[in-house]
Amino acid sequence: MIKKLRIKFVIISMISILIVLVIIMAGINISNYTSVSGNADNILNMLYETDGKFNIPADFNPGDNRTPREINDESIKINENENRQQNPEMIYETRYFSVTITKDSDNNKSYSVFIDNIKAVKTEDEAINYANNALNHSSKKGYIGVYRYLYGTKSDGSILVVFIDCTRGLDNARSFLFASLIISAIGYVCVFILILLASKYVFKPVDEAYQKQKRFISNASHELKTPLTIISANNELIEMIHGSDESTDAINRQIKRLNQMVSSLSLLTKLSEYKKLDKTEVFNLSDSINDIIVDLNISNNDNIKVETNIQPNLNYNGNEGLIRQLISIILDNAIKYSESFITIHAYIDQKAIIFECMNDCYEIEDGIHNEVFERFYRNDNIRSKKEGSGIGLSIAKEIVELHKSQIVASSVNNTFKIKIILN
């Protein structure tokens, strides 16, 4: 049980860390990508406002004796004064091209292409193809390959399409994504190892408490046997001398009940210590269920209507002794708490054997009631009306889990059902 609890702790911890890690990584990388697109959009807006190219001095002419750097420096000052350019290096770093499309009265298109600031686009036809591709998109800005584009209609009726090359920014974003994934994966594995090692120490006190509980139950069961034997012997002696009466009969009932509780506690301790289930050969479960029904003499109870539907030749590979005890516990529980009927079904469903036992009972809320499998649990409505120890169904659950199967308790309209799925 402690091992299962430790595994659940590690799984829940790792899932929680993974969710947080995914949120953080998604936030960082989306922010990084948004920043690349945002910076590109700022430059595109500036280029769009300046008709597809950075502003240059108005008095520039091809015979100008100024160096390209001096011309660019003056161009930067012009853009800074117009609050369109803040980074002096932008003109040197930005690779862009633009296409202006105009239509005459006959709706014929003419193109004005600027590709002087980019080497990857070698011809005007290539730039025009990019522009037409951008115009086919419903969004006025977006990506075509590594190029971020923006288009719109100018005041003179022409359509201006501006592109900038975002290769460097996208490559950086992609490299950051891969690096962050690798680092996160390594960190996740390291955290898993740390949690796995730490869980051993976290659950050490729980394991010690569980072992103490098992020792207590085992010792208590052993210690109770001697006084019960003495009480039983003295009660028999009283009956031999004075005859039986209500008092001796009551003592015998309580002795029987305590003996059953001691046996159940001993079995529960033994089951919890199983490392591996000892399976017998394949046995006929249908015959076992029918035998138990006969042994418990359920059908001869005039106060309870019994309905059985046992599919014949249900063969199962498990521990026959434990499975018989499991069925006995479920049926005995139904006999004890049933008011008027018991229904028993056994059949195959998708290669699993399904065993169901239903009975009416005292008032119980509709829904799943797997709390009945907890040790010493008893419903408040039943506690004062029926005798029981609250151990039987705990044993049933231990047996089912040893067979790597499932058991579920539920109720609908005051009908209590226990369903066992034997895999």
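Read-outs: derived from the displayed coordinates by stated rules, not from any lab. Quantities reported herein were computed from a predicted structural model and do not represent experimental measurements. We place every Cβ from the backbone using ideal geometry, glycine too, and count neighbours over all the protein chains shown.
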Placed amide H near Leu314: partners under 5 Å, 5+ positions off or other chain:
Leu285, Ser286, Asp287
Residue-span extension gain [Lys103 to Ser180] - 0.36 nm each, minus C-alpha spacing:
22.8 nm
Nonlocal amide H pairs with Ile144, under 5 Å, H built at 1.01 Å
Tyr149
Expected vector for the range 26-42, Karplus 3J(HN,Hα) from phi with 6.51, -1.76, 1.60 and θ = phi - 60°, integer Hz, x for Gly and Pro, equals 5, x, 5, 6, 5, 4, 5, 5, 4, 5, 4, 5, x, 4, 5, 5, 4
Quote to one decimal, in nm, the extra length available between Asn39 and Gln311 on full extension: 0.36 nm per residue of separation minus the C-alpha distance between them.
90.7 nm
Obtain the nm distance between the two label points defined at Asn234 and Thr415 by a simple spin-label model: each point lies 7 Å from its Cα along the Cα-to-C-beta direction.
5.0
Roughly speaking, what is the stretch gain from Asn284 to Cys190, that is 0.36 nm per residue apart minus the C-alpha to C-alpha distance, in nm to one decimal?
28.9 nm
A correct Karplus calculation of ³J(HN,Hα) over the range 367-375, with 6.51 cos²θ - 1.76 cosθ + 1.60, θ = phi - 60°, whole Hz and x for Gly and Pro, returns x, 7, 10, 6, 5, 5, 8, 6, 5
So if R0 is 30 Å, what FRET efficiency would Lys404 and Glu339 give, r being the distance between their Cβ atoms, rounded to the nearest 0.05?
0.30
At R0 = 30 Å the Cβ-Cβ FRET efficiency linking Lys256 and Glu208, nearest 0.05, sits at 0.30
Can you run phi through the Karplus equation (6.51, -1.76, 1.60; θ = phi - 60°) for the range 304-312 and list ³J(HN,Hα) in whole Hz, with x for Gly and Pro?
10, 8, 10, 10, 10, 9, 9, 5, x
